Amino acid sequence: MQELASESVVTQPIEERLELVRFKVDKRPHIRVHTEACRGCDLTPCVYVCPAGLFEILGGEMHFSYEHCLECGTCYVACERKAIEWEYPRGGWGVSFRAS
Amino acid sequence: MHAQQQFDVIVVGAGPAGSSAALVLARAGLRVALIERGEYPGAKNVSGAVFYAPGLLAELLPTFWDEAPFERYITRRVLTFLGRESAFSLDFHTRHFALPPYNGVTVLRPKFDRWLAGKAVEAGALLITSTVVDDLLYEGERVIGVQCRRDDGALYAPVVIAADGANSFLAKKAGLQREFSAEEMSLGVKEVLRLGVRTIEERFHLTGDEGMASEYVGEATGPIKGGAFLYTNRETLSLGIIVQIASLAQQRIRPYELLDRFKQHPAVAPLVRDGVTLEYSAHMIPEGGWQLVPRLARAGLLVAGDAAALVFAAGIFLEGMNFAVASGLAAAETALEAHRNSDFSAATLSGYRKRLEQSFVLQDLRRFRLTPAFVNNERLQNLYPELLCQAAEQVFRSEGRPRKKLGSTILTTLRSKVSLWTLLRDGWQAGRALFF
């Protein structure tokens with residue numbers, strides 16, 4: 001049997017999807033990551049669970065951004081090392097869904 | 001304390017739970033503050049979104065269906081078991097769900113939530129948008145108000161209703177809710193695709209304002225625990241996956257890649273073909289069920305909706321907005337009673353839980369408390385949908401050779417991968433979870 005479903009995946013880059021979403025970006029980040037706790041983290045759940053793809057390990061170091069955060073809170077629930085501090089952005093800032 | 005900073009009730013969060021509560025309280029003549037962190041109600045809110053049992057609103061707004069921004073009413077329910085390249089569906093139509101107040105309707109949350117909050121405002125509630133509530137204010141053990149994140153941001157009321165959503169910092173700060181584990185929370189990601197009215201009617205066999213709610217298990221989310229959904233709005237589709245966070249992290253597949261994979265499944269691709277993505281969104285869902293429901297009250301504080309994990313995710317049921325509205329109404333009635341007796345103690349406010357226990361809200365969650373564990377069963381998630389499709393393929397395959405009887409065909413397929421003992425045990429579990 002041909003493996004159609006999983007082998008022929010064409011994915012739309014997450015950046016393109018995020019361009020459809022309205023963000024009012026605050027200068028003050030609402031996510032803080034204690035990146036020293038990320039060193040040696042093999043699982044890196046944040047990298048895989050974030051629906052906006054905001055977390056990335058580059059050269060063994062955690063890099064993240066908060067600007068296009070969809071405000072779901074999944075990252076801090078998934079992080080077993082409790083390295084992620086997450087709060088709501090200031091009132092009126094952050095994501096505004098319009099068509100959902 | 002400024003006079004205008006004193007309210008009778010403060011409601012945090014203008015989603016379905018908060019706005020329903022605020023509407024009832026304002027109608028009763030109380031001074032109500034309804035605080036929303038988004039620029040407008042619904043700006044931060046995401047769900048599938050089918051609103052089941054919208055008739056709950058008829059109590060407040062007798063002909064709400066004439067003016068509420070509903071997309072379509074659901075007359076077609078589909079449950080599909082997806083194999084790698086096949087699909088086995090249970091497809092149910094009924095005209096009986098086509099009469100007001102309707103059995104379920106699709107909504108777009110930014111529109112719907114804004115409309116419902118507007119009703120609370122019409123009734124006299126003060127809607128304060130673009131405002132985050134960071135903490136509760138106490139007098140001894142009693143909650144007496146909230147601290148907003150702004151200068152001079154203290155607001156006072158003898159009752160606060162926390163309807164601040166799945167990430168309820170207030171319920172946690174008040175010591176009612178604990179931290180969540182990645183096993184009991186799910187992530188939903190969704191796209192809204194524009195197809196046009198005609199295409200939707202033709203493609204999904206719908207007439208007029210009829211709509212479809214369709215859910216998928218199995219290959220829909222690959223090896224990750226969860227499922228997918230496809231709902232018809234007036235001229236768009238809401239299409240998404242809902243996955244358990246722990247499972248997503250373990251399997252190392254990104255949610256948007258999984259969504260694309262679902263869209264490209266041979267049974268799904270023709271349904272979404274030519275759809276133009278209008279928006280991508282995500283939300284965390286407290287799918288843990290009964291075990292996730294926190295203490296619901298303490299002196300001066302009630303917790304409602306997603307903030308109290310009142311989400312009914314039990315296999316074939318996927319409901320939340322109705323649980324939000326019902327809990328908002330129960331919270332409002334409890335707050336009214338407290339005001340009548342000028343008693344805001346924990347004992348009086350515990351009447352809230354009793355109200356929910358008498359309604360479908362806690363009865364459904366309790367009755368189906370075994371279902372989340374059953375739904376997360378590895379075999380149900382991955383193996384059985386595939387086997388069901390294989391069995392169907394065997395049954396329908398015509399090869400010009402003598403056939404076996406159906407029972408033998410099906411059993412042979414199932415037993416190629418599962419022992420009879422495991423089958424019986426899973427059957428028993430399914431029974432306990434859903435049937436008896």
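The values are calculated or read from the model by the stated rules, or taken from the named source; none is laboratory data. Please read these numbers as outputs of a predicted model, since none were measured by experiment. Quick reminder, even Gly has a Cβ in these numbers, built from the backbone with ideal geometry, and neighbours come from all protein chains shown. We work out accessible area using only protein heavy atoms, side chains counted, and drop any ligands, DNA or RNA first. Shrake-Rupley method; radii C 1.70, N 1.55, O 1.52, S 1.80 Å.
Among the residues of the stretch B:211-226, write down those that are within 21 Å of B:Arg109 (Cα to Cα) and out of contact with any His (no Cβ under 9 Å at 6 or more places or on another chain).
Matches in the stretch B:211-226: B:Gly211, B:Ala213, B:Ser214, B:Glu215.
Considering only residues of the stretch B:137-158 that are within 14 Å of chain A (Cβ to nearest Cβ) and of a type in the set (A, V, I, L, M), which is nearest to B:Leu302 (Cα to Cα)?
Residue satisfying both the conditions and the ranking: B:Val146.
For the stretch B:244-289, please list each of the helices (runs of 4 or more DSSP H) lying entirely inside it that holds at least 3 residues being facing chain A (nearest Cβ under 9 Å) and more than 18 Å from A:Glu71 (Cα to Cα).
B:245-251, B:255-263
Which one of B:Leu388, B:Leu362 is assigned to a helix (DSSP H, G or I) and in contact with a strand residue (DSSP E or B) (Cβ under 6 Å, 6 or more places away or on another chain)?
Going through B:Leu388, B:Leu362 in turn, the sole match is B:Leu388.
Only one of B:Lys172, B:Lys190 is at pLDDT 95 or above and part of a helix (DSSP H, G or I). Can you tell me which?
Answer to the selection: B:Lys172.
Of the residues A:Arg32, A:Arg81, A:Arg22, which is within 12 Å of chain B (Cβ to nearest Cβ), of a type outside the set (Val, Ile, Thr) and surrounded by fewer than 22 Cβ atoms within 10 Å (Cβ to Cβ)?
Matching residue, one of A:Arg32, A:Arg81, A:Arg22: A:Arg22.
Please find, among B:Glu85, B:Glu59, the residue that is open to solvent by 40 Å² or more (accessible area, probe 1.4 Å) and either within 14 Å of chain A (Cβ to nearest Cβ) or modelled with pLDDT of 95 or more (or both).
Details: B:Glu59 fails: either within 14 Å of chain A (Cβ to nearest Cβ) or modelled with pLDDT of 95 or more (or both).
Selected residue: B:Glu85, the only one of B:Glu85, B:Glu59 that is open to solvent by 40 Å² or more (accessible area, probe 1.4 Å) and either within 14 Å of chain A (Cβ to nearest Cβ) or modelled with pLDDT of 95 or more (or both).
May I ask you to list pairs of residues, at least six apart or on different chains, whose Cβ atoms are under 8 Å apart, with the first in the stretch B:144-157 being touching a residue at least 12 places away in the same chain (Cβ under 8 Å) and the second being among the aromatic types (Phe, Trp, Tyr)?
B:Ile144/B:Tyr138; B:Ile144/B:Tyr156; B:Gly145/B:Tyr156; B:Leu155/B:Phe7; B:Tyr156/B:Phe7; B:Ala157/B:Phe7
From the residues in the stretch B:69-90 that are touching a Lys or Arg at 6+ places or on another chain (Cβ under 7 Å) and assigned to a strand (DSSP E or B), which one is farthest from B:Val192 (Cα to Cα)? So that I can check it myself, show each step before the final result.
First, the residues of the stretch B:69-90 that are touching a Lys or Arg at 6+ places or on another chain (Cβ under 7 Å): B:69, B:71-72, B:75.
If we keep only those that are assigned to a strand (DSSP E or B) too, we end up with B:71-72, B:75.
Working: B:Glu71: 13, B:Arg72: 15, B:Thr75: 20 Å.
Top of the filtered list is B:Thr75.
For the stretch A:39-62, which residues satisfy the criterion of being surrounded by 14 or more Cβ atoms within 10 Å (Cβ to Cβ), free of Cβ contacts under 8 Å to residues at least 24 places away in the same chain and more than 10 Å from chain B (Cβ to nearest Cβ)?
A:Leu54, A:Phe55, A:Glu56, A:Ile57
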